[in-house]
Every structure is written in C-alpha cells, then in structure tokens.
Amino acid sequence: MVYLIIIAQWLGAEQYAYIAAAHAATALSAFLFSWGFNEWLMKTGAINFDVEALGGSVIKLKVLLGVVWAVGLWAVLRLIRPELYLSSVIILTIVEVWFDSTFGTLLALLILKSRAQRASVLLALSRLFRLLTVIFLMVLGARSVVWVLLVRLITTLIFFVLAWIYAKPKLLGEHIIKPKVLFRTSSAFNIGELLNLIFLHADVNILSWLGADLTVIANYSIVISLINAIITLPSGIFNVILPNMVRAYQNLKSHFYRYIRWLYVGFIILGIALWIGAAYLSMPIITSFFGETYLTSIQLMIWLSPLLAVRTINQANIAYLVAVGCQTRRLLPQLIAVIAKIVGGLIAVTELQTLGIIIVTLGTEGMLYCGYVIQIVRHYLNPQKMECYEHLNDHF
C-alpha cells in the first residue's frame with residue numbers, strides 16, 4: 001500500500017494512469033494462465049501426499065498458458081487504446097504479473113510443507129524490496145513509468161528464484177499431473193478465479209473503456225488498489241489456515257466448526273476495524289502522501305470503505321465453502337454479481353459517471369456476500385447433499 005502511494009505521488013496522476021490501466025487489464029485477463037490453481041493447490045495439497053508434484057504440475061501448465069496469454073493480451077490492448085496501453089508498459093506488466101502469480105504458487109507450496117513462516121517472510125521481503133527500489137529510483141531522479149515497472153519486475157524475479165529454491169517443485173516424475181486431469185479436477189476453482197478477477201477489476205476497466213479522463217481513472221484506481229492491498233491481510237490469514245481447515249473437516253468436524261466460529265469472530269472484528277480506520281484515516285493519510293491533488297481519492301475512499309468490512313467477512317465465507325468441498329456452490333453467486341456489476345456499471349457510468357460505479361460496486365459486493373451466506377446456510381442444514389469433493393489421489 002505504501003508502494004502504491006509513493007508511486008502515484010511521485011509520477012503524478014496522468015503517468016500513474018498508464019500503470020493503473022495496464023495492471024487492471026492484465027489482472028482482469030490473468031485467469032487465462034492462473035485459472036485458480038493457487039487456491040486449488042491449497043485445498044487439494046492439504047489432503048495429498050506429493051505436494052511438490054502438485055506444485056510442479058501447476059507451474060508447467062502456467063508456463064504454457066502464459067505464453068498464449070501474453071501474446072494475445074498485448075495485441076488486443078494495443079488495438080483498443082494504443083494511446084493508453086503503451087507497448088513497453090504492457091510488456092513489462094505482463095511479465096511481472098506472470099512471475100508474481102507463480103511466486104504465489106511457490107508460497108502456497110511452502111505453506112503446504114508447513115513452512116508458512118518462511119513463506120510469510122519471503123512475501124513481506126518481496127514487498128519491502130519493491131518499495132526500497134522505488135525509493136532508490138527517486139534518489140536517482142529516474143522518474144519514468146518504464147523504470148518503475150522494470151525494477152518491480154527485477155525484484156519479483158529475485159524472490160521468485162528464492163521461493164523456488166525453498167519450495168523445490170517437481171517438474172518431472174511419476175506423480176506429475178496431466179493437463180487434462182488438472183483442468184478437470186480444478187475446474188470449479190478455474191471458473192471461480194475467472195469470475196473473481198472480472199468482479200474485482202470490472203469497475204476500473206469500465207472507466208478505461210468508456211474513455212474516462214486519465215485523472216478520474218487514476219483517482220479511482222488508487223482507492224481500489226488501496227482496498228485490494230488492505231484485503232491481503234485477511235486473505236493472507238485465509239491462505240495460512242485453509243489447509244488445516246480442510247484437514248479438520250475431513251478428520252474431525254467438531255474441530256472444524258470450532259475453527260470457523262473463531263474465524264468469523266476475528267474477521268468480523270477485523271473488517272469493522274478496517275472500515276472505520278479507512279473512513280476516518282483516509283484524509284490525513286492521503287493528504288500527507290499525495291497532497292491536495294488527490295482530494296477526490298479521499299472522498300472515494302470514504303464512500304468505498306464499507307468494501308473492507310464486506311470483503312474481509314467474505315474471506316471467512318469462502319474459507320467455509322472451500323474447506324467443506326463446496327467450491328462449485330460459489331459460482332452462481334459470483335456469476336450473478338459479475339453480470340450485475342458489468343451491466344449496471346456500463347449503465348451507471350454513462351448516466352452518473354464516478355458516482356454510478358461507486359453505487360454499483362457497493363451494491364454488487366453486498367449481493368455477492370448474501371449469495372455466499374445462502375450457500376453456507378444450505379450446507380449447514382444439509383451437509384451430505386452439498387458436498388462435492390473429487391479426490392485427486394484417484395488420478396495418480
């Protein structure tokens with residue numbers, strides 16, 4: 001989050017808009033190579049004996065899909081708005097997003113190998129060094145979008161290599177999963193990842209595609225990026241505890257329900273605290289780092305701060321559904337929320353501009369939350385009917 005603040009302040013709204021647009025587009029289309037494999041790995045690896053082979057299988061498939069994704073995305077974006085999607089910016093962003101996603105796969109592998117502390121240290125250091133490299137550029141006076149993205153890529157590559165050394169994924173061996181089997185067993189996660197990416201990044205992309213002013217895109221993107229950065233705290237907790245929750249549900253359900261109760265209590269408290277903190281601290285924080293230029297971002301953060309509470313509590317909902325084997329039950333609420341956000345967003349931006357996309361974003365987030373709660377209640381009342389596990393060990 002501090003990295004984002006420094007970049008936006010240093011480069012200015014117009015220059016930062018190029019980065020914001022590129023990241024929004026790559027993040028939205030990243031499902032074409034990521035396919036929800038990281039979350040699938042966390043859930044499946046908790047009850048599988050060869051996690052190194054699982055991780056290696058995922059990485060090999062990400063390489064193949066990543067090449068196709070990279071070439072296709074560059075070509076499409078250059079056709080849509082070449083004045084916004086600069087070629088050098090798109091290329092650097094695409095490469096960095098792929099390595100960062102696969103870095104996440106390696107961290108998931110470390111967590112499954114009971115090395116959560118090492119994974120947390122690597123993640124924290126990667127973000128710290130990313131920040132330090134930007135400060136180094138500031139000292140040198142190299143105020144350039146390309147330089148910012150280049151040093152970010154180099155930092156990601158360094159920690160990717162370190163994570164690889166510690167995780168030791170297997171790329172060859174008898175337990176490597178064939179792509180066809182991998183797609184079939186992870187299909188619910190693949191579709192869920194696609195819907196989640198569209199849902200999270202539709203608003204910024206709608207503003208970009210409808211020709212919104214660069215300053216508007218920058219201000220809105222700053223706030224959404226800040227919110228997404230803050231949500232990494234509860235999502236990080238989710239990643240660490242998910243394997244244990246899967247094992248608990250498989251082995252002793254009374255322990256699982258005890259875990260989930262405490263998780264809900266903790267996430268409700270955390271979500272409310274983040275909401276209040278963002279609403280009351282956004283003005284001093286943003287004005288201190290950005291100055292008067294970004295007063296619009298302050299108002300946007302206040303309006304959108306309820307997202308922090310809803311998304312934090314939704315992490316507990318997701319943990320419940322994934323742990324009990326109901327990942328497929330997430331898809332219908334996600335699909336409804338995505339359709340509502342895209343259709344509503346296109347109409348609302350045309351009629352109400354930024355206010356319209358804010359209303360749609362808050363409304364669809366609440367819609368998604370309610371959809372998850374309905375699925376959880378259905379499972380709790382009739383767990384046998386709702387379970388839908390597929391055991392990967394049968395494919396080895």
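Checking the conditions here, which among LEU65, LEU32, LEU41, LEU79 is at pLDDT below 85, in a helix (DSSP H, G or I), of a type outside the set (Lys, Arg) and closer than 30 Å to LEU207 by Cα?
Testing whether each residue is at pLDDT below 85, in a helix (DSSP H, G or I), of a type outside the set (Lys, Arg) and closer than 30 Å to LEU207 by Cα leaves just LEU32.
Would you point out the residue of the range 295-318, among those that are at pLDDT below 90 and among the aliphatic types (A, V, I, L, M), that is most open to solvent (accessible area, probe 1.4 Å)?
If we take residues in the range 295-318 being at pLDDT below 90 and among the aliphatic types (A, V, I, L, M), then LEU295 is most open to solvent (accessible area, probe 1.4 Å).
Of all residues in the range 188-244 being assigned to a helix (DSSP H, G or I) and charged (D, E, K, R), which is modelled with the highest pLDDT? Working first, answer last.
We begin by selecting, within the range 188-244, every residue assigned to a helix (DSSP H, G or I); these are 188-209, 214-244.
The next check asks that each one be charged (D, E, K, R); those that pass are 193, 203.
Details: GLU193: 80, ASP203: 83.
Per the criteria, the residue is ASP203.
Restricting the range 108-123 to residues that are open to solvent by 40 Å² or more (accessible area, probe 1.4 Å) and modelled with pLDDT of 85 or more, which is farthest from LYS43 (Cα to Cα)? Step through it out loud before you land on a result.
Narrowing the range 108-123 to residues open to solvent by 40 Å² or more (accessible area, probe 1.4 Å): 113-115, 117-118, 120-121, 123.
Filter again for modelled with pLDDT of 85 or more, leaving 118, 121, 123.
Numbers: ARG118: 19, VAL121: 22, LEU123: 20 Å.
Only one residue tops the list, namely VAL121.
Can you name the number of the only condition in (1) of a type in the set (A, V, I, L, M); (2) open to solvent by 20 Å² or more (accessible area, probe 1.4 Å); (3) at pLDDT below 80; (4) within 21 Å of TRP35 (Cα to Cα) that ILE177 fails?
Going through (1) of a type in the set (A, V, I, L, M); (2) open to solvent by 20 Å² or more (accessible area, probe 1.4 Å); (3) at pLDDT below 80; (4) within 21 Å of TRP35 (Cα to Cα) one by one, ILE177 breaks only (2).
Output the number of the condition that ILE237 fails; it satisfies all remaining conditions of (1) touching a helix residue (DSSP H, G or I) at 6+ places or on another chain (Cβ under 7 Å); (2) among the hydrophobic types (A, V, I, L, M, F, W, C); (3) more than 12 Å from ALA20 (Cβ to Cβ).
(1)
For the range 336-353, indicate whether the set of residues that are under 18 Å from VAL322 (Cβ atoms) and either of a type outside the set (Val, Ile, Thr) or open to solvent by 60 Å² or more (accessible area, probe 1.4 Å) (or both) is non-empty. Steps first, please.
Of all residues in the range 336-353, those under 18 Å from VAL322 (Cβ atoms) come to 337.
The next check asks that each one be either of a type outside the set (Val, Ile, Thr) or open to solvent by 60 Å² or more (accessible area, probe 1.4 Å) (or both); those that pass are 337.
Taking every residue of the range 336-353 in turn, at least one turns out to be under 18 Å from VAL322 (Cβ atoms) and either of a type outside the set (Val, Ile, Thr) or open to solvent by 60 Å² or more (accessible area, probe 1.4 Å) (or both).
State all residues of the range 247-294 that are β-branched (Val, Ile, Thr) and modelled with pLDDT of 85 or more; if no residue qualifies, say none.
Result: ILE260, VAL265, ILE268, ILE269, ILE272, ILE276.
Here's the yes/no breakdown for (1) surrounded by fewer than 20 Cβ atoms within 10 Å (Cβ to Cβ); (2) touching a residue at least 60 places away in the same chain (Cβ under 8 Å); (3) among the β-branched types (Val, Ile, Thr); (4) over 22 Å from ALA124 (Cβ atoms):
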residue	(1), (2), (3), (4)
VAL216	yes, yes, yes, yes
LEU226	no, yes, no, no
GLY236	yes, yes, no, no
LEU242	no, yes, no, no
ARG258	yes, no, no, yes
TRP262	yes, no, no, yes
ILE272	yes, no, yes, yes
ILE276	yes, no, yes, yes
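What are the pairs with Cβ atoms under 6 angstrom where one residue, in the range 6-32, is over 30 Å from VAL63 (Cα atoms) and the other, located anywhere, is crowded, with 20+ Cβ neighbours inside 10 Å and hydroxyl-bearing (Ser, Thr, Tyr)? Sequence gap at least six, or different chains.
Every condition considered, the pairs that remain are ALA8/TYR16.
Which one is farthest from the chain's Cα centre (by Cα), of the residues in the range 354-373 that are surrounded by fewer than 18 Cβ atoms within 10 Å (Cβ to Cβ) and closer than 15 Å to TRP303 by Cβ?
It comes out as LEU355.
Considering only the range 126-147, I want to know if a residue exists there that is open to solvent by 40 Å² or more (accessible area, probe 1.4 Å), outside any helix (DSSP H, G or I) and over 20 Å from ASN38 (Cα atoms).
Filtering the range 126-147 for residues open to solvent by 40 Å² or more (accessible area, probe 1.4 Å) gives 127-129, 132, 135-136, 138-141, 143, 146-147.
With outside any helix (DSSP H, G or I) added as a condition, the list becomes 141, 143.
From the residues that got through so far, the ones that are over 20 Å from ASN38 (Cα atoms) too are 141, 143.
Yes, the range 126-147 contains a residue that is open to solvent by 40 Å² or more (accessible area, probe 1.4 Å), outside any helix (DSSP H, G or I) and over 20 Å from ASN38 (Cα atoms).
LEU355 - would you say it is in a helix (DSSP H, G or I) and without any contact (Cβ under 8 Å) to a residue 12 or more places away in the chain?
yes
Within the range 198-214, is there a residue that is acidic (Asp, Glu), in contact (Cβ under 8 Å) with a residue 12 or more places away in the chain and surrounded by fewer than 23 Cβ atoms within 10 Å (Cβ to Cβ)?
No: the range 198-214 contains no residue that is acidic (Asp, Glu), in contact (Cβ under 8 Å) with a residue 12 or more places away in the chain and surrounded by fewer than 23 Cβ atoms within 10 Å (Cβ to Cβ).
So, LEU110, is that one among the aliphatic types (A, V, I, L, M) and in contact with a Lys or Arg (Cβ under 8 Å, 6 or more places away or on another chain) or not?
yes
Please state which of the following conditions LYS43 fails to meet, knowing it meets all the rest: (1) more than 18 Å from GLU193 (Cβ to Cβ); (2) open to solvent by 10 Å² or more (accessible area, probe 1.4 Å).
The failed condition is (1).
Need pairs with beta-carbon distance below 9 Å; first residue of a type in the set (Asp, Glu) and within the range 158-172, second surrounded by 20 or more Cβ atoms within 10 Å (Cβ to Cβ) and at pLDDT below 95; sequence gap 6+ or separate chains.
none
The values are calculated or read from the model by the stated rules, or taken from the named source; none is laboratory data. Keep in mind the model is a prediction, meaning the values are calculated, not measured. Every residue, glycine as well, gets a Cβ built from its backbone with ideal geometry; the counts of neighbours run over all protein chains shown. For accessibility, only protein heavy atoms count, side chains too; no ligands or nucleic acids. Shrake-Rupley method; radii C 1.70, N 1.55, O 1.52, S 1.80 Å.
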